[in-house]
Amino acid sequence: MIVSLVGMPGSGKSTVGRHLARQLGLRFVDSDAEIERQLGTSIRDYFAAHGEDAFRDLEQRTIDELTRQPGCVLATGGGAVLRPANREALHARSQVFYLRSTPEELFRRLRHDTTRPLLQVGDPQRRLRELFRDRDPLYRRCAHFVVETTRPSVPALIGMVLMQLELAGIVDPDRVPSPIDHPPGEPPVLRP
C-alpha cells in the first residue's frame, strides 16, 4: 500500500506523513527531500539556477519512481499536481489524501518561511491565494480523500486519515487505533 499526501505548501504533508507512516508501519518518503538528496543541493538553489520547468521534470521522474516502490507514505511537493502525469501516477498507484487548508491559514503558518521559492514575492498572501485558486481543483481531481487541515492537531489529522482508510476497506480495523486507547493530545498507538 502507498498513501500519498498532496496539498498546498504548509498544509502539513511532511509532518502528518511521518506520523502516519509510523502508525501504519510503513516507511516515510518526502518527494522534495528525495529530490534534494539526488541533487545534492536545495530545491530553492536548483529552482534559481535551472528554473521551474527543469525542476518539474525532475519532480515527475521522482514521483514516477516513488509510486512504483513498495509500501510507503509519500509526501509530495505542493506543485506536484501541476503535471497530469503526476496526478495520474499518484491516483492510480496510491491512496491520495488532499490535506486542504485555506490560503489564510497557510499564510499564518508560512509567513516567516524563506525556503519556498514560489513564496519569495512582495505579497506572499496574495501569491498563496493565487496558487490555491489554481491548484485546489487539481488536488481534488487527484485525491481519493479530502481532509480539511485548518484547525485540527496533527494527531486529529492522522486519526481522520486512518479512519478514511479503514472505512474504505484499505486498512484492517484492528490496525486503526481507537481514540479511547490513548491519552488526549498524544498520537494513537497501533495495537499489535
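The values are calculated or read from the model by the stated rules, or taken from the named source; none is laboratory data. Keep in mind that what you see is a predicted model, and the values were worked out from it rather than measured. All Cβ positions, glycine included, derive from the backbone under ideal geometry; neighbour counts span all protein chains shown. Only protein heavy atoms, including side chains, enter the accessible area calculation; ligands, DNA and RNA are left aside. Shrake-Rupley method; radii C 1.70, N 1.55, O 1.52, S 1.80 Å.
Data for the structure
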item: Conditions (1) assigned to a helix (DSSP H, G or I); (2) open to solvent by less than 40 Å² (accessible area, probe 1.4 Å); number of the one not met by E130; result: (2)
item: Residue that is most open to solvent (accessible area, probe 1.4 Å) [pool: residues in segment 1-41 that are closer than 16 Å to Q69 by Cα and in a helix (DSSP H, G or I)]; result: E34
item: Matching residues in segment 85-99 - criterion: being open to solvent by less than 50 Å² (accessible area, probe 1.4 Å) and either under 15 Å from I170 (Cα atoms) or in a strand (DSSP E or B) (or both); result: S94, Q95, V96, F97, Y98, L99
item: Number of positions in segment 27-60 that are of a type in the set (F, W, Y), in contact (Cβ under 8 Å) with a residue 40 or more places away in the chain and within 17 Å of L82 (Cα to Cα); result: 1
item: Search result, residues across segment 128-161 that are of a type in the set (A, V, I, L, M) and touching a residue at least 60 places away in the same chain (Cβ under 8 Å); result: L128, L131, A143, V154, L157, I158, V161
item: G71 surrounded by fewer than 20 Cβ atoms within 10 Å (Cβ to Cβ) and touching a residue at least 40 places away in the same chain (Cβ under 8 Å); result: yes
item: Any hit, segment 4-17, residues being under 17 Å from the mean Cα position of the chain (by Cα), at pLDDT 95 or above and over 27 Å from R133 (Cα atoms); result: no
item: Conditions (1) within 16 Å of the chain's Cα centre (by Cα); (2) buried (at least 19 other Cβ atoms within 10 Å of the Cβ); (3) part of a helix (DSSP H, G or I): number failed by F55; result: (1)
